[in-house]
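First the structure, in the form of structure tokens, and then the observations on it.
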Amino acid sequence: MKITICIGSSCHLKGSRQVVEKLQELIAQHDLQEKVELSGTFCMENCQKGVCAMLDGRVFSLTPEQTELFFKEEILPKA
Ligand code: FES
């Protein structure tokens with residue numbers, strides 16, 4: 001599966017870097033590097049909902065604090 005995190009300036013200010021780092025950490029912990037592809041994109045034109053993340057065509061709104069829950073609910077069961 002493919003997860004895309006917005007690294008545009010508004011999302012960056014809301015912590016997209018921490019979101020990406022947290023996801024990288026969780027992916028490594030669960031040994032999912034082969035299954036989960038993490039990438040970044042520029043502004044997804046949804047700045048007020050940042051940090052924007054796209055997973056299989058669905059858009060999520062994350063904060064660094066919510067990232068672990070997002071991973072557990074949306075990624076882990078489907079990986
Ligand atoms: S900067 Fe992320 S949606 Fe605009």
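The values are calculated or read from the model by the stated rules, or taken from the named source; none is laboratory data. All values reported here derive from a predicted model rather than from experimental measurement. Here Cβ is always computed from backbone atoms with ideal geometry, including for glycine, and neighbour counts include all displayed protein chains. SASA here: full protein model, heavy atoms, side chains in, ligands and nucleic acids out. Shrake-Rupley method; radii C 1.70, N 1.55, O 1.52, S 1.80 Å.
Brief remarks follow.
- Compared with the dominant Cα axis of the chain, that is its longest principal axis, helix 16-29 is turned about 0°.
- Long-range amide H partners of G40 with built H, under 5 Å: I5
- Here region 2-78 carries DSSP beta bridges of which approximately 60% are antiparallel, counting only pairs with both residues inside.
- Using a probe of 1.4 Å on the protein chains alone, the accessible area found for E73 is around 110 Å².
- Pairwise label distance in nanometres, K72 with H30, each label 7 Å out on the Cα-Cβ vector: 1.1
- Virtual paramagnetic centre 7 Å along Cα→Cβ of V59, amide N under 12 Å, in region 10-51: 43-51
- Each Lys and Arg contributes +1 and each Asp and Glu -1, all at the Cβ; summed about the Cα centre of the chain, the dipole is approximately 200 debye.
- For V59, no residue 5 or more places off, or on another chain, has a built amide H under 5 Å of its own.
- For the chain, built as a Gaussian network whose Cα springs stay under 10 Å, the top-fluctuating residue of V20, V36, V51: V36
- Each Cα pair under 8 Å and six or more residues apart adds its sequence gap; the mean of these over the residue count of the chain is a relative contact order of 43 percent.
- Whole-number accessible area per residue in Å² for region 2-78, which is evaluated in the context of all protein chains at 1.4 Å: 61
- Partnerless Cys - the chain, beta-carbon criterion under 4.7 Å: C43, C47
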